[in-house]
Structures are given as C-alpha cells and as structure tokens.
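Computed from the coordinates by the stated procedures, all read-outs in this text should not be read as laboratory data. Remember, it's a predicted structure, so these values are computed and weren't measured experimentally. Neighbour counts run over all protein chains shown; Cβ positions are idealised from the backbone, glycine included.
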Amino acid sequence: MQRRPVVFAMVLSLFIPALASAAGWDIDPAHSSAVFKVRHLGISNVTGGFKKMSGVVNLDEADITKSTVEAVIDATSLDTGEPKRDEHLKSPDFFDVAKFPTLTFKSKKVEKAGEGKLKVTGDLTIKGVTKEVVLDVDGPLPPVSAFGGQKSGATATTTINRQDYGVAWSKVMEGGGLVVGNDVTITIDLELNKKKS
C-alpha cells in the first residue's frame, strides 16, 4: 500500500521539469517592430515598417520542436516616413489595408539552427494570400528581470517575392529595370513578456 504514493511521486517528478521548461511569452507591442526593405529604381533601398503588432510565442526549451509562434501585424500602421508613399502603399495597388487590415504568421515547424539560432517555418498571410516562409531567428535571448516580470527578445529575418502575395504594382523604366523591386527583406525585432503563471 505504501508503494503507490512513492510511484506517484516518481511519475510526477518526470513531468515537473518538462512543465517548467515550457513557457508562454507575449509579444510586447511597444518594443517590437516589423521592418521591410525593397529596392527602388534598382539603385537604392527604401525601408518602411509597421508600428503595431501582437502575438504569442510558446517556447519549449526541453523540446524546441514543440514550440509555436503566432503573430499579427496591423497593416494600417504602415509607415515609411513619407505620407504620400504610405497612402499609395495602403491602397489596392499594394497592401489594400481597407480590405486586408492585418498580416499574419503562424508557425508549422521550429528547429535548432546552431547556437542561439532557430529556423521557424510557417504560413505568412499578406493581402489574403498564404505562402510558406522560413524565418531565420537569432534568439531567443536569455531572459532578464525587468519591471516586475521576465523579458526576452529575438530577431527574425526572411525574404519574400511580393508578387507571390498580390502586392503587385510596379512600372518598368526605360532601361528595363523596375521602379519597385520584387524581393522584399523583412526583419522582425521582438521583445517578449513572459506570461504570468
């Protein structure tokens, strides 16, 4: 009769480390950003970003492949520092934010890619079109204690072809080059707040 509590305690001890190693983190909208870069006239890079984003990272340190990432970017918060350009980018020629107010990412696979690095494969949806992309991630960084909680951070990058998502406007110059390039580099800087248990 006394063995049952002992066995139960042994089984419980196997689960406690796994539970302790899995943690949920909220994306901090005030300290996170999504920035894009695209060639203009084939001679320079124009950068812009989205000021509002949210999401959740569930990080399983015991088995990183069980981790998940979901993020939502507010397309209406687009800002390139040039109001007329922003107005055009928000129009149906590009993001059509009135019809498609958000961009989303949902992970399908998370894997190690070296010390302090991950590869996160998932579905990126822009303008109602969903395509699989791979994010190269630096981090997440070791947590720090600040403002009454635990914080961490990570940086993710990828490159997409905007034509794949119907963000299609462009003009061809006399020499044959594009006014706006098709390849877009995306960099997402995240600050994460650990969920309260």
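In this simple spin-label model, placing a label point 7 Å from the Cα along the Cα-to-Cβ direction at both SER44 and LYS171 gives a separation of 1.7 nm. For the range 150-160, backbone phi angles converted through the Karplus equation (6.51, -1.76, 1.60; θ = phi - 60°) give residue-by-residue couplings of 9, 10, 9, x, 7, 10, 10, 10, 7, 10, 10 Hz, Gly and Pro being listed as x.
Here the Kirkwood formula, the inverse mean of 1/r across different C-alpha pairs, assigns the chain a hydrodynamic radius of 18.8 Å. For GLN150, the residues whose modelled amide H falls within less than 5 Å of its own, excluding neighbours fewer than 5 places apart on the same chain, are LYS194. With respect to the chain, whose longest principal axis is taken over its alpha-carbon atoms, helix 3-21 is tilted by about 20°. With θ set to phi - 60° and the Karplus curve 6.51 cos²θ - 1.76 cosθ + 1.60, what are the ³J(HN,Hα) couplings of the range 98-103 in order, to the nearest whole Hz, using x for Gly and Pro? Working through the residues one at a time gives 5, 8, 10, x, 9, 10 Hz. Projecting the Cα positions of VAL97, SER170, GLY153 onto the charge dipole of the chain (unit charges on Cβ atoms of Lys, Arg, Asp and Glu, taken about the Cα centre) puts GLY153 furthest along the positive direction. Over 20 Å apart at the Cα level, from the set LYS51/LYS127; LYS84/LYS131; LYS37/LYS127; LYS37/LYS112; LYS37/LYS109, are LYS84/LYS131; LYS37/LYS112; LYS37/LYS109. State to the nearest 20 debye the size of the charge dipole of the chain about its Cα centre, where the only charges are +1 on K and R beta carbons and -1 on D and E beta carbons. Dipole size: approximately 560 debye.
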